[in-house]
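The values are calculated or read from the model by the stated rules, or taken from the named source; none is laboratory data. Worth saying up front: this structure is predicted, and the values here are computed from it rather than measured. Don't worry about glycine lacking a Cβ; one is built from the backbone with ideal geometry, like all the others, and counts go over all protein chains shown. Surface areas here come from the heavy atoms of the whole protein model, side chains and all, with no ligands, DNA or RNA. Shrake-Rupley method; radii C 1.70, N 1.55, O 1.52, S 1.80 Å.
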Amino acid sequence: MATRHDTAAPPVEGGAAPGRPATGAVHDEAELRRRSRLSRRWQRDVRWSPYAFVSPFFLLFVAFGLFPLIYTAWASLHTVELTAPTDMQWAGLRNYTRIFDDDFFWNAAKNTLTIGIISTVPQLLMAMGLAHILNYKLRASTFYRVVMLAPYATSIAAASLVFVLLFGRDYGVINWALHSVGVDAIDWQNDKWPSQIAVSSIIIWRWTGYNALIYLAAMQAIPQDLYESAALDGANRWQQFFHVTLPQLRPTILFTAVVSTIGASQVFGEPLLFDANKGASGGAEHQFQTLGLYLYEQGWVNQHLGRASAIAWTMFLILIVIGIVNYVISRRLRASS
């Protein structure tokens, strides 16, 4: 009787061993895990990357903006000197009541207002005229636009020193030109109104071209159909300017007026460098001392850090009022349009 011997069949080439997953399945499972990790990483990246991109601004703002603002508010309620900034004595609102009783504060406030008016109104009118001229097709228009922006890019110190030479009493070019037409020499640095006009001229020279480019950009955004319709109705260029351009520029005019007003309330470098004594008094009789100079004089010359902090917060509250007025006016303009 023959004995049967069963033997296992040889494994088929490419087949899988019993009890083990296929190599393709293992590879697919690893690929799915990798894609899952990449998907989660991509979701975290999409979610948190914007915060990472803007975080440097907020870190710098907290370090150099928010913290000084809070510290200044705290210091304004104390009697503290610049020589000992950590030695504070509680004063409450005494610093605020003291500056409001100070004649030099009100003199600086009036000078800031007058210099702001003298510099802002001619500046915006000249900027509007220059923008209207540049809005037409001119040869080398890019060159003229760069020239308009050049005073803004010039250093305040360099511009102020040049204007000091121009407005010199004995050898200034302005007095030489006035003398040639029979006008006596004017003491631009020591007389009240001439000194404020001289300081305002520096501001006008620096910021007119900047505002002109803002007006030019707004003019180029006005649809040409409005001008064509006005021309068909018989309107000349002046009528088109007053009845088409100006109404379309009302938001831009309001914006530049508010920004110029805020800048005028913070004028500091021009009157500081225009002073012959290079001090913070704004002239021998404080004739062109602004709020910025008054703050600097109290904090860094007289070293009354608490009083200077109160002045800074008073100026900040003035800017808030200007912002509220801007919001109310702009809202009414949008409602009327």
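Here are a few things to note about the model shown:
- Residue with peak Gaussian network fluctuation, the chain [Cα springs, cutoff 10 Å], from 240, 196, 303: 240
- Taking the accessible area of segment 130-176, probe 1.4 Å, and keeping the other protein chains in place, the carbon and sulfur fraction comes to 70%.
- Based on DSSP H segments of at least four residues, each scored -39500 (n - 2.57), the chain has a per-residue ellipticity at 222 nm of -21500 deg cm²/dmol.
- Fully extending the segment from residue 149 to residue 93 would add 15.8 nm, taking 0.36 nm per residue of separation and subtracting the current Cα-Cα distance.
- Nearby aspartates and glutamates by direct alpha-carbon distance to residue 137 (threshold 20 angstrom, same-chain neighbours under 8 apart not counted): 225, 228
- Estimated FRET transfer efficiency (residue 51, residue 238; beta-carbon r; R0 56 Å; 0.05): 0.60
- For segment 211-220, 3J(HN,Hα) per residue [Karplus equation, 6.51 cos²θ - 1.76 cosθ + 1.60, θ = phi - 60°, Hz, x = Gly/Pro]: 5, 4, 5, 5, 5, 5, 4, 5, 5, 6
- Residue by residue, segment 189-205 carries 3J(HN,Hα) couplings of 9, 10, 8, 5, 5, x, 5, 5, 5, 5, 5, 5, 5, 5, 5, 4, 5 Hz when phi is fed to the Karplus relation 6.51 cos²θ - 1.76 cosθ + 1.60 (θ = phi - 60°); x denotes Gly or Pro.
- In the context of the full set of protein chains, segment 131-195 has a per residue accessible area of 70 Å² (1.4 Å probe).
- Across segment 57-73, coupling constants 3J(HN,Hα) worked out from phi with the 6.51/-1.76/1.60 Karplus curve, θ = phi - 60°, read 4, 5, 5, 5, 5, 5, 6, 10, x, 5, 4, x, 5, 5, 5, 5, 4 Hz, and Gly and Pro carry x.
- Candidate lysines - alpha carbon under 29 Å from residue 110, same-chain residues fewer than 8 apart omitted: 192, 278
- Accessible area of segment 220-337 belonging to carbon and sulfur atoms, whole % at 1.4 Å probe: 61 percent
- Extending 7 Å from the Cα toward the beta-carbon at both residue 104 and residue 162 defines two label points whose distance is 3.3 nm.
- In the context of the full set of protein chains, residues of segment 256-337 present 47 Å² of accessible surface per residue (probe radius 1.4 Å, heavy atoms only).
- By accessible area, using a 1.4 Å probe on protein heavy atoms only, segment 62-129 has 72% of its surface on carbon and sulfur.
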